[in-house]
Amino acid sequence: MKAVIQRVSHAQVSIKAEIVAKIDMGLLVLLGVAAEDEESDASELADKICGLRIFSDVEGKMNLSIKDVGGSMLIVSQFTLLADTRRGRRPSFIGAAAPSDAIPLYERFIQFVDSQGIPTATGQFGADMAVQLVNDGPVTLILESRGGGFNKAGMQEKRGNRMTRAPGELVVVQAGSGTGQDCDDVSASRKVVHE
């Protein structure tokens, strides 16, 4: 499961020029469900997003969660987040869950957010939607659950020469020569720090 989270002062979704959902201060969450996702992915990702401290406190530091500030969450399904663009110019969406599998997990994600006492608004799964927002900051984060391309050990699969990380890990990469040459060939040391 993959989510793009944007801190907003206002966001709304329209279908056929009719506003179907809107929020003021809070989070806009674009949510993609992967083929291998399970209910645990929905609950863990919802819990993580609800607890993210990305709202400013009285000192102007990002230190408060959406719950702390009494914000709302607009949740919009977006299978295109699972696009694979490694080959050619036309994205492949084979990694996205079929609607019969994705809809229940999308709905469970919404239920998990609701259960945390956060007011929610949603788009319509599978509809052609127009999403408008005022990004506050701007603050935009991308999160993935363990099901979103991660193997059983919790480590994301290495793809090509890119180094990737598992959820809850901070990866510090120190590149080789420092000359800026061969940046694609990352032969770097890897230090993993768990949150």
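Every read-out reported here was derived from the displayed coordinates using simple, explicitly stated rules and does not represent laboratory data. Note that the structure is predicted; figures quoted are calculated from it, not measured. Neighbour counts are summed over all protein chains in view; Cβ atoms, including those assigned to glycine, are modelled from backbone coordinates with ideal geometry.
Modelled spin-label separation between Lys16 and Ala83, with each label point placed 7 Å from Cα along the Cα-to-Cβ direction: 2.7 nm. Computed from the Cβ-Cβ distance with R0 of 22 Å, the FRET efficiency linking Ile94 to Ser40 stands at 0.45. Rounded to the nearest 0.05, what FRET efficiency is calculated for Ala127 and Ser56 with R0 set to 45 Å and r the Cβ-Cβ distance? The computed FRET efficiency comes out at 0.85. Beta bridges assigned by DSSP with both partners in the range 2-149 are antiparallel in approximately 75 percent of cases.
Roughly speaking, what is the stretch gain from Asp47 to Asn63, that is 0.36 nm per residue apart minus the C-alpha to C-alpha distance, in nm to one decimal?
On the way: separation 16, 0.36 × 16 = 5.76 nm, distance 1.66 nm.
My answer for the length gained is 4.1 nm.
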